[in-house]
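Here's the structure, in structure tokens; my notes come after.
Readers should treat all values here as calculations from the given coordinates under stated rules, not as data from a laboratory. Owing to the predicted nature of the structure, the values given are computational and were not obtained by experimental measurement. Neighbour counts are summed over all protein chains in view; Cβ atoms, including those assigned to glycine, are modelled from backbone coordinates with ideal geometry.
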Amino acid sequence: MPEARIASTAVASCSRAIVCKAIRYRYYVSRALQQGGSDKDGIRMPARALETAVAEALATSFDQPLLLAGTAGLASEADQMRGLASACKRTVADLRKGAAPVLSRLISRVAVGQEKIVVEVNTSAISLQLGTKLYPSAPRDITLTIDARLSRSGRAVRLVEDSGKAVGASEPQQHLVRIMQLATAWWEEMQDDDLSVSEMAKRHTVDKSYVSRVVRLRFLSPKVVEQILEGEQLPSLNARRMLGLRELPLEWAKQERELLAL
């Protein structure tokens, strides 16, 4: 997993917002957890998803050179616009490729709240990045807002769009992947040794119902399996939900409608 590129983290107790500044970590962890609080009191978020969301917001802003120049107070005379547009285009490409130095240079602060992400971007850094000057009246920072809410998935917290999709490049939920691997292993064991569900449960000292709930995951739709392995399924589709399903449709199309919210 790549290291985080934005910041160390702290949490404002009134809003539980994650606040990021300038140190690199693999995960962003709220102050409540740093100080020994329980999982329910704090936030632990995979860095890649947050960084991807922030980088895309920055790229979208740099994709509009004239608007960016006006908002950030960049000197943008007519004879400078071609150079400004070219520099913006290069920056957009770097941000979307995940260039860590560009991301860390531009950001002053990132705050993740329950319903949105607020990104403060330093105008002096923008000026240096684009090779332009600032007007004396330029603000110190400009603010970008990303509409996304927090959704807890196990110990970690994910950023979720209004559609329910996880923001950014998500990582697979390892506990869900392990359950799926177990489903395949148990099904193969039952076939190889000609075991019934009861015999399988006795061999592994578990309930028959647990064996049934695990093994049926061997017959998931390939599309469902692909999304789980890529970490692209809805955050609510976790191991607890999968094992707790009353029934699993036999038809793949029905599985996809129910499990992937298609």
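Using 0.36 nm per residue and subtracting the Cα-Cα separation, the extra length available between Y135 and L182 on full extension is 10.7 nm. Once the Cα-Cα distance is subtracted from the 0.36 nm per residue extended length, the T143 to K254 segment shows a gain of 35.7 nm. The H on the amide N of L134, modeled in the peptide plane, is under 5 Å from the matching H of A75, each at least 5 residues off or on a different chain. Fully extending the segment from A75 to R105, taken as 0.36 nm per residue of separation minus the present Cα-Cα distance, adds 8.8 nm. Residues within the reach of a label modelled at S151 (point 7 angstrom out along Cα to beta-carbon, backbone nitrogen below 17 Å), restricted to the stretch 211-228, are 224-228.
Working from label points 7 Å from Cα in the Cα-to-Cβ sense, the D192 to Q114 distance is 5.0 nm.
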